[in-house]
1. Counting only protein heavy atoms and a 1.4 Å probe, tell me what percentage of the stretch 248-289's accessible area is made up of carbon and sulfur.
2. Just check the stretch 481-521 against the gyration tensor rule for me: Cα atoms, a ≥ b ≥ c as the square roots of the eigenvalues, rounded for a/c under 1.5, and otherwise prolate or oblate depending on whether a/b exceeds b/c.
3. Provide the FRET efficiency to the nearest 0.05 for the T117-D57 pair, computing r from the beta carbons and using R0 = 35 Å.
4. Leaving out ligands, DNA and RNA, and with a 1.4 Å probe, what % of the accessible surface on the stretch 46-92 is carbon or sulfur?
5. Provide the descending list of Cα extents for the stretch 165-232 along its principal axes, expressed in whole angstroms.
6. Semi-axes of the equivalent ellipsoid of the stretch 216-354: what are they in whole Å, largest first, if each equals the square root of 5 times a C-alpha gyration tensor eigenvalue?
7. Counting residues in the stretch 177-289 as N, plug N into 2.2 N^0.38 Å and put the Cα Rg over that result.
8. For the stretch 267-284, take each phi angle, set θ = phi - 60°, evaluate the Karplus expression 6.51 cos²θ - 1.76 cosθ + 1.60, and give the result in whole Hz per residue in order, putting x for glycine and proline.
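The values are calculated or read from the model by the stated rules, or taken from the named source; none is laboratory data. Computed from a prediction, not measured in an experiment: that's the story for all the values here. So basically every Cβ, Gly included, is an ideal-geometry build from the backbone, and we count neighbours across all protein chains shown. Quick note on the areas: whole protein, heavy atoms, side chains included, nothing else; ligands and nucleic acids left out. Shrake-Rupley method; radii C 1.70, N 1.55, O 1.52, S 1.80 Å.
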Amino acid sequence: MALALRLLLAFLAIGSCVASDNIDLWPMPQSVSHGGQKLYVKKDITMSMVGSTYSDDKAILKDAFQRMVDLITLNHVIDGMNPSALVLTCVNIVVHTPEDELNFGVDESYNLTVPTTGDPLYAQIEAKTVFGALHAIQTFGQLCYFDFTSRLIELNSAPWIVTDTPRFPYRGLLIDTARHYLPVKIIKGVIDAMTYSKLNVLHWHIVDEQSFPIEIPSYPKLWNGSYSYSERYTMSDAIDIVRYAEKRGVNVLAEIDVPGHARSWGVGYSSLWPSQSCREPLDVSKNFTFEVIDGILSDFSKVFKFKFVHLGGDEVNTTCWTTTPHIEGWLNHNHMNVSDAYRDFVLRSQKIAISHGYDVINWEETFNSFGDKLDPKTVVHNWLGEDVAPKVVAAGHRCIVSNQDKWYLDHLDASWEGFYMNEPLKGINDTKQQQLVIGGEVCMWGEEIDASDIEQTIWPRAAAAAERLWTPMEKLANDTRLVTSRLARFRCLLNQRGVAAAPLAGYGRASPSEPGPCVRQ
């Protein structure tokens, strides 16, 4: 669609109306009802946990609540006088289970009530787990705004009753620190922004053929493959990132992509290369290759506690295996061709990961090549086309959808409308097979992004996909013009919170085309 036409449609959709029924929440909850009363939020609003069985010893809720309070001020000075009535003084949070381990499939549901009567007047959050309560805090924060007349934080359209739960348990965003190094502060900023739209898995594509930036204590020379001495992550950095994410309800999925995409490994250990002149895939003929993989995954298991690890397996060019004499001899000795060797490499790597307690995710090429040989618990990560997911679940495997034509953020010509309309269950009609699609993921490959432009390349398009993954199917719009104004306001909220989200009009990473208010960009 021509840019001018897209701008016109965005202008008309935003300018003609307020979001449907005055609900500007993103993503749209499962069930929402509201009234018409304005409330004021007390300057020093507090959090209580009356009736909760969760102790909050790790201060997960306390810290999340304070972050929310800081965010809703939007860095304005709150210097208005609190009125004598209709002042929300507290948010009471009731969590019904004491556990706070962020396991895959954890209950993320919540109920949020903001009444207009009571003395004192307080909002109520109820959730089975602390992680559902975190989502409720995010929703509450979106209801609040700074008013320039009263100089107070206000909350319109009370009373509010929100009942909410995610559609899919896996709602991911991939970042790539191998093509360009991303400082720890930038990664943490990405995690923070993910929580605003209720994404819950940071897929960390840590290493690739270009660089190996992470410390591996078992094989300390591996990070000799980093771009530079300063473009690295220590194990302590990785622990810090994981803990930071977990306190915000975000799991961190670590990926090492084998046997291809691994040229950087040989900078520290050259015997991992087939030869000095032919440097990937990893040498399939040497036990040392698998000892290194075992060492990496052993070290990972002490840091990355998520149920899954990603072992890649995509885009494997096996030419080096047939042109390197010692590997060719090994193939002949074992009566194998390169397809057999590729299969055995992937399966052997899977067994290593399983021995360290992981379930394995592999890119779809492994399924396309030898799906019947994969470990039954394998999660197949679909990226090449939309026709693969139905085949994966029909074969009994779980699946994550990331088809590149819709959900690859590095494709700057992929519009937010495409991100919103991409349906993970397309072509899957059997309800049991639908349950095998555990979710989806938008992918921020790093060839042409770094710390300078990652945020505006991710947002707001990732948020469009986030609603697709969170909101019930019956609440999703069939026409993106129906959600344009609401997403535009969410994009402006991201900007106000310090996230450099790009305008909706135009394609990925677009700049404003002319002067004007935020919501019309």
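1. 45 percent
2. On the way: a/c = 1.35, a/b = 1.01, b/c = 1.34.
Taking the square roots of the gyration eigenvalues as a ≥ b ≥ c, the stretch 481-521 is rounded.
3. 0.55
4. Solvent-exposed carbon and sulfur of the stretch 46-92 make up 57 percent of the total.
5. The Cα atoms of the stretch 165-232 stretch 45, 21, 20 Å along their principal axes.
6. 29, 17, 11
7. Working: Rg = 15.3 Å, N = 113, 2.2 N^0.38 = 13.3 Å.
Dividing the Cα radius of gyration by 2.2 N^0.38 Å gives 1.15.
8. 4, x, 9, 5, 5, 6, 7, x, 7, 5, 9, 9, 10, 6, x, 4, 5, 6
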